[in-house]
1. Would you kindly derive the ³J(HN,Hα) couplings of the stretch 190-197 from the backbone phi angles with the Karplus curve 6.51 cos²θ - 1.76 cosθ + 1.60 (θ = phi - 60°), listing them in order in whole Hz, with x for Gly and Pro?
2. If R0 is 60 Å, what FRET efficiency do you get for K81 and S2 from their C-beta distance, rounded to 0.05?
3. By Kyte-Doolittle mean hydropathy of at least 0.0 and Cα axial length of at least 27 Å, which whole DSSP H helices of the chain are selected?
4. For the chain, take every pair of Cα atoms, bin their distances at 20 Å starting from 0, and report each bin as a whole percent.
5. How much accessible area per residue does the chain have, in Å², with a 1.4 Å probe?
6. So which GluC sites (Glu not before Pro) in the stretch 200-292 pass both tests, a DSSP loop state and at most 12 other Cβ atoms within 10 Å of the Cβ?
7. 222 nm [θ] for the chain, helices only, -39500 (n - 2.57) per DSSP H run of 4+, per residue, to 500?
8. Considering only the chain, what is the antiparallel percent among its DSSP beta bridges, to the nearest 5?
Amino acid sequence: MSNCRVCSATVRKFFDFGRHPLSSAFLTPGEADDDREFRFRLAIGVCASCTMVQLMEEVPRELSAHRGYPYHSSNSTVMRKHFQATAEGFLATELDGPDPFMTEIGCNDGVTLQTVRDAGVRHLAFEPTGVDGVRTHHAFFDAAAAREVRAANGPADVIYAANTICDIPDIGSVLAGVDELLADDGVFVFEDPYFAEIVDRTSFDQIYDEHFFFFTGRAVHFLAEHFGFELADVERLPVHGGQIRYTLARAGRRRPTPAVEELLAEEAARDLTGPTTLSRFTADVARIRTDLLDLLRSLTADGKRIVGYAATAKSSTVTNYCGIGPDLVPFICDTTPSKQGMLTPGAHIPVRPPEAFSADYPDYALLFAWNHAEEVMAKEQGFREAGGKWILYVPDVHIV
Ligand code: DWN
Ligand code: ZN
């Protein structure tokens, strides 16, 4: 049993994936032999009071030394355009006053803030590791860091975070930091995977150590009020398998848009975090495991060659939960140089550069980056022309 990281009530477990490694803890072949790989219980539950969906166990920050594996959103044209459009949207709305200031919590390779910088607007990233071409405060975001930044720069009109807030179990420290730094009329905007999309697509591979919270409109509405803010707007985003961009303002400063009420009503009507929905979801997860294993085994028995495409964080949950190892998927190709030559966490599947894929196309490619399917399939036309087929497991197991 565990207690909610928002309201302290009891969290009820609804699915247990077993003991998993850290999704970004790739190993050298030597490390894989010594059998000391860190594992934790990957299980998910829902708060009996505020309905926040969250992991049952959190990985201590000092143990997740591999966290923040270099992730380059600009590798994907779709994601680069998404973040540029996000910045342009802020420039046209929230950042059109005198001498505006925008900050970002965790900015990966800085695409959003570079666009803001190029428009001549003051900006700052909270990023422990630092990013080229972007003004950076080298610290995790919390009340102390926020206070320091406000003292030096004044209040922020926009505090933005993409794929970051759901990673931080101590969400109270984030809201305390926002309270320190945000201008009276400013907005705190964050976007993360939407739990309803995970349910609807059975995209259980979004569940791994780095994703601690799985937000819903209802839970974020409660979270905002709990910490003295208000949920002012919500926007559905198509990226990364379906996300929501939440806009929080200080209580009483903005009239919530109709989209907020609509989302809350939609979630209530379908009882999004109720027992019927959750048990259907867990049955679907188990069915996908069976279907995927059956397919990979029968293709292998028929002498077909299968290669994994993209050693994503998500692939850790799929391979480890389903028991997919190098016997079924001999290697995974990935564009990230620091993953190449390594073995995937837990499943120990070798990672190779993309050239290993194109040099000798397999019969089937298991697409772990299904969220980038359109872009990947467009750039891998040669594979299709050579007779190759894609295996997808979202929203169910199928071949295209
Ligand atoms: O939430 C998170 C997202 C935004 O990024 C983080 N917690 C960690 C990471 O998750 P992911 O690894 O599942 O993200 P992606 O964007 O689905 O996949 C990125 C990985 O896939 C990289 O290792 C690069 C690789 N990749 C590739 O080899 N060829 C990706 C694409 C699009 C490709 O064409
Ligand atoms: Zn709660």
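1. 9, 10, 8, x, 9, 4, 4, 5
2. 0.95
3. Counting only whole DSSP H runs, the qualifying helices are 275-301.
4. Once binned at 20 Å, the Cα pair distances of the chain give 27, 57, 16, 0.
5. 41 Å²
6. Numbers: sites: E210, E225, E230, E235, E261, E262, E266, E267; in loops: E210.
Nothing satisfies the criteria.
7. Per the formula, -10000 deg cm²/dmol.
8. On the way: 32 of 60 bridges.
Beta bridges within the chain, antiparallel portion: roughly 55 percent.
The values are calculated or read from the model by the stated rules, or taken from the named source; none is laboratory data. Since the model is a prediction, treat every value here as computed from it, not as a measurement. We place every Cβ from the backbone using ideal geometry, glycine too, and count neighbours over all the protein chains shown. Calculation scope for accessible area: heavy atoms of the full protein, side chains included, ligands and nucleic acids excluded. Shrake-Rupley method; radii C 1.70, N 1.55, O 1.52, S 1.80 Å.
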